[in-house]
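Beneath this line is the structure, given in structure tokens, with notes to follow.
The values are calculated or read from the model by the stated rules, or taken from the named source; none is laboratory data. What you see is a predicted model, and the numbers here were worked out from it, not measured in a lab. Reconstructed Cβ throughout: ideal geometry from the backbone, glycine too, with neighbour counts over all protein chains shown. Surface areas here come from the heavy atoms of the whole protein model, side chains and all, with no ligands, DNA or RNA. Shrake-Rupley method; radii C 1.70, N 1.55, O 1.52, S 1.80 Å.
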Amino acid sequence: MLALKQILRPLAQVLKLKTVMQQPTVVGSDTVFLPELNLAQLLACQKQSSGIGANLRMPSRSMLAGQHRSTRQGRGMELSEIRNYQAGDDIRLMDWKVTARTQRPHTKVFMEEKERPVQLVVDLSASMLFGSQRSKAEQAAHLAATLGWAIVRQGDRCGGLVFNGTQHQLIRPKARQQGLLPLFQQLCQFAPMLVQPEGRSEAGRMNQMLQLVAAQKGHGNLLVIISDFWSLDLAGKALLRRLASNHQLLAIHISDPLEYQLPNSPCYLVGGQALSQTVFFDGHDKSDRQRYQLLFDQRQQGLEEMLLQVGGYYIQLSTTEHVADKLKRFFTLHNK
């Protein structure tokens, strides 16, 4: 029995399958629910984070390099001065109020800081419950923990936002483990709601959460979004552009092999609101599997193109991939 939520509706549209059952899947009290999403497992990710640690201490242009306070000025968190615009200055840092008042272009200059705030935005909506071998929720939590430990070890401040369809919890970035451990606690507290009605996120829910992040004070943060992005309205390009202009934006797309390649044998797919719909898929029609894969590929490509267009970064991470190895390859490539 396979759990599938958000892609069930487009799947039924593509395959024109009939709903054959309306009973919800029940998780018994004696069942070990999401065994890899608990505090002990997240704390243990500290060992895995050492595998990417060598790639975090890079020059200041590196995505995860700490912004050490110095006489050199750049795009840190603390405003240093407002001066006349000079050739080569970043136009995104223009101070338009001073420019209008003086009738001369002025730009903001920020003093670089040692402890750059890093925000990990983790989606624990019901769609993240899906997984063929490991749930997307567990992979997302382990990713956040592995990256969070690496961030803390290099001296940056870590915080974030955990959300589902109806609730969210914001953790402001703090040094050492003061921001990281509360993030872990929220991940564990949100886990049981994956099978509850409040866990279900409608389209546009992520846009609401990103607006909340955008409203926070600060400039030059590293913002990492960890999700399957089913609740992201792709029409919200302006919002992503705004985030990418103020921060370094990294989107990590969590997916599962069965989301883009159905098995060639009969199976039941369970999904819908509160996992209340079950669809039988016979698996013999190759054209059905091809249309299903095309549906996923189109959305994945659209998401990646949009992130690159607004100046962000994009990683696709499968539930079958090793988190630390994937992060190490990405940061090695982009820190050259």
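Listed values, structure above:
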read-out: Filtered residues of the range 150-169 (kept if within 15 Å of P182 (Cα to Cα) and either open to solvent by 10 Å² or more (accessible area, probe 1.4 Å) or part of a loop (DSSP other than H, G, I, E, B) (or both)); value: V152, R157, H168, Q169
read-out: Residues located in the range 206-237, provided they are open to solvent by 30 Å² or more (accessible area, probe 1.4 Å) and either among the aliphatic types (A, V, I, L, M) or under 12 Å from H168 (Cβ atoms) (or both); value: Q208, Q211, L212, A215, L234, A235
read-out: Subset of the range 322-336 (residues that are open to solvent by less than 70 Å² (accessible area, probe 1.4 Å) and touching a residue at least 60 places away in the same chain (Cβ under 8 Å)); value: V323, A324, L327, F331, T332, N335
read-out: Odd one out for Q154 among (1) farther than 30 Å from D95 by Cα; (2) at pLDDT 95 or above; (3) out of contact with any Ser or Thr (no Cβ under 9 Å at 6 or more places or on another chain); value: (2)
read-out: The range 174-184, residues that are open to solvent by 30 Å² or more (accessible area, probe 1.4 Å) and in contact with a strand residue (DSSP E or B) (Cβ under 9 Å, 6 or more places away or on another chain); value: K174, R176, Q177, Q178, P182
read-out: Qualifying residue in the range 259-282 (condition: of a type in the set (D, E), at pLDDT 90 or above and buried (at least 20 other Cβ atoms within 10 Å of the Cβ)); value: no
read-out: Test: residue in the range 175-197 that is outside any helix (DSSP H, G or I), at pLDDT below 90, within 18 Å of Q46 (Cα to Cα) and among the basic types (K, R); value: yes
read-out: Output for the range 233-270, where each listed residue is within 11 Å of the chain's Cα centre (by Cα) and either assigned to a loop (DSSP other than H, G, I, E, B) or closer than 21 Å to D90 by Cα (or both); value: L249, L250
read-out: Cross-chain or 6+ apart pairs with Cβ under 7 Å, the range 288-316 first and among the acidic types (D, E), then modelled with pLDDT of 90 or more; value: E304/Y314
read-out: Qualifying position, being assigned to a helix (DSSP H, G or I), at pLDDT below 90, out of contact with any helix residue (DSSP H, G or I) (no Cβ under 8 Å at 6 or more places or on another chain) and open to solvent by 50 Å² or more (accessible area, probe 1.4 Å), among R291, R299; value: R299
read-out: Checking S201 against (1) at pLDDT 90 or above; (2) open to solvent by less than 30 Å² (accessible area, probe 1.4 Å); (3) not in a helix (DSSP H, G or I), the condition it does not meet; value: (1)
read-out: Q133 within 26 Å of P192 (Cα to Cα), open to solvent by 10 Å² or more (accessible area, probe 1.4 Å) and not in a strand (DSSP E or B); value: yes
read-out: Matching residues, the range 302-321, being of a type in the set (S, T, N, Q) and either in a helix (DSSP H, G or I) or open to solvent by less than 20 Å² (accessible area, probe 1.4 Å) (or both); value: Q309, S318, T319
read-out: Residue in the range 96-109 that is in contact (Cβ under 8 Å) with a residue 24 or more places away in the chain, closer than 23 Å to G220 by Cα, open to solvent by 40 Å² or more (accessible area, probe 1.4 Å) and out of contact with any Leu (no Cβ under 7 Å at 6 or more places or on another chain) present; value: no
read-out: Some residue of the range 221-236 being modelled with pLDDT of 85 or more and more than 20 Å from A144 (Cα to Cα); value: yes
